[in-house]
1. Quick query: amide H of Leu57 versus all other amide H atoms, modeled in the peptide plane; which residues come in under 5 Å with a sequence gap of 5 or more or a different chain?
2. Quick one: 3J(HN,Hα) in Hz for the range 47-60, Karplus 6.51/-1.76/1.60 with θ = phi - 60°, rounded, Gly and Pro as x.
3. Got a number for the accessible area of Lys160? Probe 1.4 Å, square angstrom, nearest 10.
4. Leaving out ligands, DNA and RNA, and with a 1.4 Å probe, what % of the accessible surface on the chain is carbon or sulfur?
5. Please state the charge dipole magnitude for the range 22-147, taken about the Cα centre, from unit charges on C-beta atoms (+1 on K and R, -1 on D and E), reported in debye and rounded to the nearest 20.
6. May I ask you to give the solvent-accessible area per residue for the chain, in square angstrom, as obtained with a 1.4 angstrom probe?
7. Taking the dipole about the Cα centre of the chain, with the C-beta of Lys and Arg at +1 and of Asp and Glu at -1, give me whichever of Gln182, Cys50, Met94 is farthest to the positive side.
8. What label, among [x] 1.17; [y] 0.97; [z] 0.94, belongs to Rg/Rh (Cα atoms, Kirkwood Rh) computed from the structure on display?
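The values are calculated or read from the model by the stated rules, or taken from the named source; none is laboratory data. Just so it is clear, the model here is predicted, and its values are computed rather than measured. Virtual Cβ from ideal backbone geometry, glycine too; neighbours counted across all protein chains shown. These area figures cover heavy atoms from the full protein model, side chains too; ligands, DNA and RNA do not enter into them. Shrake-Rupley method; radii C 1.70, N 1.55, O 1.52, S 1.80 Å.
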Amino acid sequence: MASPVVFVVDDDISVRESLEALLRHEGWQTEIFESAQSFLACPRPLTPSCLILDVNLPDLNGLELQERIRSDGAQIPIVFLTGYGDVPMTVRAMKAGACEFLTKPFDNDVLLAAVRGAIERSREALADESRTRLLQDRFASLSGRERDVMKLVAKGLLNKQVGHELGISEITVKAHRGKVMQKMQARSFADLVNMAAKLGLAPPRRD
């Protein structure tokens, strides 16, 4: 993956400039914005990233921007900054998935630690999305009958029961099941069930 990007949205130019210098010194790319709307208008790269977000902004405030990002389906970890905060505000932000809620003036080391954690969360989310896309591609390569077999097998049905459900012989089910294991690159039955759960085809396993 490319170098992580840290977005900063703050209407205070002195804060923006100091954050930009601090973040670039750590080797991260930065994108700086003075308003929520300018941030929303900017396309975000498919690289590990996070957002340092001021709560008090002139258009959409930070909490409203957080909701907007969530409603758009974007996954970008957020570190909040505020000149003043209260418990309800903090709770609302954290419940909505914020990584950290810091008050100004902030400690540089604390902020950098929060950004590192947020970037790592973003990196894991992107890797998970990549694995899911790979599974979706493999599932798409299955024939219609192979998909039917995979769905029923992943739900715990025996070969004989799958054959009864689909009106085919147990031997045919075994052949399809072997093809499914091969095309999905499943190393075991448990692996196949986990893949099916990831694709939303079966309930997740309970270990």
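1. Gly62
2. 10, x, 7, 8, 10, 8, 10, 6, 6, 9, 10, x, 10, 6
3. Around 150 Å² of this residue is reachable by solvent.
4. On the way: 5720 of 11390 Å².
With neighbouring chains kept in place, the figure for the chain is 50 percent.
5. Numbers: 15 positive and 18 negative charges, 122 e Å.
Once rounded to the nearest 20, the dipole reads 580 debye.
6. Values: 11390 Å² over 207 residues.
Here the per-residue accessible area is 55 Å².
7. Among Gln182, Cys50, Met94, the one farthest towards the positive end of the dipole of the chain is Gln182.
8. [x]
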